[in-house]
Amino acid sequence: MSGLGERRLEGRVAVVSGGLRGIGLATVERFVAEGAQVVLTDLDAEDSAEAKSVLERLGNSADYLRADVTQESDWERVSNHVRDKHGKCHILVNNAGTDLTGAVESLAMEDWRRIMSINVDGVFLGTKHLVPLMAESGSEVKGGSSIINVSSIMGLVGMSEVSAYNASKGAVRMFTKGIAAEFATKQMPIRANSLHPGFVFTPLLNAGFQRWVDSGAAEKAEDLVAMVSGNTPIGRLAQPEEIASAAFFLASQDSSYMTGAEIVVDGGYTAV
Amino acid sequence: MAKRLDGKVALVTGGTSGIGAGTVERLASEGAQVVFTGRNEAAAKDICEATGATFIKHAVDDADGWAEVTERLTSEHGRLDIAFANAGTEHGDASVEDVTVENWNAIVGVNQTGAMLTVQHAIRMMKDNPGGATGSVVINSSMNAHRAMGNYVSYSVTKAAIVALAKSAAIHCGNQGYKIRVNAILPGVVETSMIRNIIEQSGDADATRAIYEGMAPLKRMGNVDEIAALVAYLGSDEASFISGAEIVIDGATTAGMMGV
């Protein structure tokens, strides 16, 4: 019978984009706690205080590369680094993302292009450049390698003045189904699933709430937290660790028959 | 080492075979005290010996019989943390044009009313748990909730209905302030003894097996332990922010098309 030991990630190599904060950081920490070697990327300089303090906590189990998910050359560097250092890759979490809010007629074309570039191009490029190595490594693991694309409940339901973010996260959802069908059809040992967090206490959420406060939509951020909590059956927002545990499930061999699927982690927000 | 489900009490309906039996085994291996129901006493005896679980003979659609299940769980374990509404049937199903009302009613009785009774009694028990109203209910729907089958109208309709059951119950628990999560899982074709029997009795076992295996782009059926692993995850505190969700586990069968 599969025990807890088999569920863990010893011997696995994972890449997590946007790994220095929020859901990405919680995922990196969880993977390391489960025994994985993790390569994390983000936009901060490699000698930044942020990167150093995260790496210090993670010891020898993680290393950090500054990489812009929108740049193909950066992904080539990440992929080469993973191949040179570890020779394999079993898990890819395309987590890096940004948001954009505002009335559709007021959105600047460059801002639209920027969110599409980070949220959509970034997921495509990460997948494109890690898939060859993940296909090689996948046969070592029950269920194969695992790609986890971080979408959002905003990739499932629309929201006023969130149209650009809605579009980008919807694209992530369908990109995931397309590659899942493709890998399975070709018998490539890679699974792909999308993760759909609801409202989570992260730096991105805080910044978004603050923008709403600045625009006069709410008096203070606490009011928005109370409003969202009230609209969530579980009655609160999530902690990043609660999203990381779903990423861990999708990364582990416990999800070996799951591909092309979605896990919504939203406390029931979209069930209502 | 502490196990993930240590101290938790679990109920599995339809636990004597297939996904139910596999889930009894998995939950027990992770430290839960497991009570399971069903009708096959001989199969149940073996499962009890292998896993240490307890069996209560009960058909899920027997509304009156739920009193005994509830009473025994309360008196013997004092709480309920995980309920897996798993019992289901497709016996006698047919197309909408051909199905008899008796067979339709029987399938609705087990798959839909039985699931509702399971969720209802689970929530009634969980809300009185010592320490507060906590728990996790998992409903075994099917990928056919999203993609109906022409020749299995009752099965397809009931499996779709119980996805709404999960969402309604999740919202209700939120409204009441219970920390009880309710979710549905939607498996694809799983290689259970039921499916194996269909394959063996089909006349051309190899061809029938190939049809079932070819349904998923992954080119294989799911295994019972793979579904049980998802139930264990949802039942555990790892899934503390997942409620009202429907999770497909089908080897990409419903994700799209295989291409040319």
Of the residues in region B:235-248, those that are more than 7 Å from chain A (Cβ to nearest Cβ) and closer than 18 Å to B:Ala164 by Cβ come to B:Glu246
Positions within region B:43-65 being under 14 Å from B:Ala21 (Cα atoms), under 18 Å from the mean Cα position of the chain (by Cα) and either part of a loop (DSSP other than H, G, I, E, B) or among the aromatic types (Phe, Trp, Tyr) (or both), in sequence order
B:Ala53, B:Phe55
Of all residues in region B:9-68, how many are at positive phi and out of contact with any strand residue (DSSP E or B) (no Cβ under 7 Å at 6 or more places or on another chain)?
4
Quick count over region B:163-178, residues being closer than 23 Å to A:Ala261 by Cβ and surrounded by fewer than 24 Cβ atoms within 10 Å (Cβ to Cβ), is 6
Checking the structure you have, find out if any residue of region A:17-26 is modelled with pLDDT of 95 or more, small (Gly, Ala, Ser), assigned to a loop (DSSP other than H, G, I, E, B) and under 17 Å from the mean Cα position of the chain (by Cα).
yes
Give me the residue from region B:1-26 that is among the polar types (S, T, N, Q) and under 10 Å from B:Thr37 (Cα atoms) and, out of that set, farthest from the other protein chains (Cβ to nearest Cβ).
B:Thr13
Taking the residues in region B:205-225 that are outside any helix (DSSP H, G or I) and at pLDDT 95 or above as candidates, determine which candidate is nearest to the other protein chains (Cβ to nearest Cβ).
B:Gly222
Residues in region A:151-158: is at least one within 28 Å of A:Phe209 (Cβ to Cβ) and assigned to a strand (DSSP E or B)?
no
From A:Ala238, A:Ala184, grab the single residue that is in contact with a Leu (Cβ under 6 Å, 6 or more places away or on another chain), buried (at least 24 other Cβ atoms within 10 Å of the Cβ), within 9 Å of another protein chain (Cβ to nearest Cβ) and under 22 Å from A:Val93 (Cβ atoms).
A:Ala184
Considering only residues of region B:171-187 that are outside any strand (DSSP E or B) and farther than 16 Å from B:Arg124 by Cβ, which is farthest from the other protein chains (Cβ to nearest Cβ)?
B:Ile171
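The values are calculated or read from the model by the stated rules, or taken from the named source; none is laboratory data. Keep in mind that what you see is a predicted model, and the values were worked out from it rather than measured. Cβ atoms come from the backbone with ideal geometry, glycine included; neighbour counts cover every protein chain shown.
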